[in-house]
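Bear in mind these aren't lab numbers, they're just calculated from the coordinates by the rules spelled out. Given the structure is predicted, the values throughout are model-derived calculations rather than measurements. As a convention, Cβ positions derive from the backbone with ideal geometry for all residues, glycine included, and neighbour counts pool all protein chains shown.
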Amino acid sequence: MGEQQHPIPTTVDDDIICTEKIIADRKTFFIDLKSNARGRVVRITEKVSSNRDRIMVPAEILDDFIEALQDIRKANLEN
């Protein structure tokens with residue numbers, strides 16, 4: 001689905017463990033697994049032109065988040 005990236009560590013993103021990139025029309029999505037002082041999080045970034053929007057999902061609720069997305073996907077396919 002996405003292409004796995006292994007970014008070069010920088011002072012800003014040196015806590016990135018894994019990155020996936022999805023390109024759809026004019027948008028690019030980055031899904032990053034990151035580690036910080038509070039634990040692991042998944043950062044989802046949507047980039048359109050020079051605008052970026054981000055959400056953070058704590059890794060401990062990742063299964064619930066994926067299950068909710070699968071429910072949405074199923075509803076989309078049924079309608």
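Given points 7 Å out from each Cα along the Cα-Cβ axis, report the residue 25 to residue 67 separation in nanometres with one decimal.
3.1 nm
Local charge sum around residue 27 (other residues, Cβ-Cβ under 15 Å, Lys/Arg +1, Asp/Glu -1)?
Residues near residue 27 contribute +1 overall.
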